[in-house]
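Shown next, in structure tokens, is the structure this report addresses.
The values are calculated or read from the model by the stated rules, or taken from the named source; none is laboratory data. Bear in mind the structure is a predicted one, so any value in this text is a computation, not a measurement. So basically every Cβ, Gly included, is an ideal-geometry build from the backbone, and we count neighbours across all protein chains shown. We work out accessible area using only protein heavy atoms, side chains counted, and drop any ligands, DNA or RNA first. Shrake-Rupley method; radii C 1.70, N 1.55, O 1.52, S 1.80 Å.
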Amino acid sequence: MNRLVFGLGVIVLFLATGCSLLKASASKEHVFVPAPELLTENRKRAPFHRYWVYDGKKYFDIRKNIGQVEVVEVDISNVERIYRTSRGSKETKDRRIDEARNLARYLEGKINLLLEDREFSHLISKAEMESKANPKEPLKLRLSLTSVIPTNPGVNFAGSVAGFFVPGGGLIKYFGEGSVAMEGFVEGPFGLDSGQRDIRTLEQYADREGQKTSAFSLKDYQRYAHIRQVLDEWAMQIVELLNTDAQHMVDDSLPVTLNPF
């Protein structure tokens, strides 16, 4: 019954907004992961556009043995480069870079909170590592926000008004939608294995998400509300990947929402 109600809600939402229910497309290039040529789609394991793991079983054993992960400060160097080379005043560019930096800190904080939740994570967070007398060298989770496009509240408002009066007018909202792209990898304290392969990089992923389609959402009128929701979902998915074996499928997020808040 709940699925039927949700399905009918999605149909009504689509007719009301005139928007596509497809998720954001993958980024065309990767600028942060060490070996982007290894990335492929693997939805049976990870909910991202691109994913790679050194060896699923060995990697799971390594995580159980070490049991510790450090979330390195989230990188925004590519976002900063994009803003620095774009048009606009220095004041505007600096403000956008500061906003992206705040988003990076937000993502880092969400992941650390999840790692500290013993009901959700079996790994030890950076704070717990620092409290130990002789901690092991941890796995390192390195993440980068490689693109940040804020929602345009003015365009979204115009699209909402047009969609109310004109069938399909909601398509205007498409031009005001925000998006965010992420790349990340897990690095281990290792050298070469018996096959003389460098296995320091154990896992890589890359994803890009736009704002969820909705008939009406207060997030449409806030520059970063949709993006923070994406960061929340990425944090959950990344920590779930860290805590499960290679046979476990981490579910993707839905491209639509019926929640207006």
* Asked: Only one of (1) out of contact with any Lys or Arg (no Cβ under 8 Å at 6 or more places or on another chain); (2) surrounded by fewer than 21 Cβ atoms within 10 Å (Cβ to Cβ) fails for residue 56. Which number is that?
  -> (1)
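Given the options 139, 143, name the one that is touching an Asp or Glu at 6+ places or on another chain (Cβ under 9 Å), within 21 Å of residue 180 (Cα to Cα) and surrounded by 20 or more Cβ atoms within 10 Å (Cβ to Cβ).
On the way: 139 fails: within 21 Å of residue 180 (Cα to Cα).
That would be 143, the only listed residue that is touching an Asp or Glu at 6+ places or on another chain (Cβ under 9 Å), within 21 Å of residue 180 (Cα to Cα) and surrounded by 20 or more Cβ atoms within 10 Å (Cβ to Cβ).
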* Asked: When only residues in the range 94-134 that are in contact (Cβ under 8 Å) with a residue 24 or more places away in the chain and not in a helix (DSSP H, G or I) count, which is surrounded by the fewest Cβ atoms within 10 Å (Cβ to Cβ)?
  -> 122
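What tally of residues in the range 209-259 results from selecting those that are modelled with pLDDT under 70 and of a type in the set (D, E, K, R)? Give the derivation first.
Step one: list which residues in the range 209-259 are modelled with pLDDT under 70, which gives 212-222, 255-259.
From what's left, of a type in the set (D, E, K, R): 212, 219-220.
Total meeting the criteria: 3.
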* Pairs, first at positive phi in the range 48-76, second open to solvent by 30 Å² or more (accessible area, probe 1.4 Å) and outside any loop (DSSP other than H, G, I, E, B), C-beta under 7 Å, six or more apart -> 67/124
* Asked: Which of the residues spanning the range 73-93 are more than 18 Å from residue 36 (Cα to Cα) and exposed (fewer than 14 other Cβ atoms within 10 Å of the Cβ)?
  -> 73, 81, 84, 85, 86, 87, 88, 89, 90, 91, 92
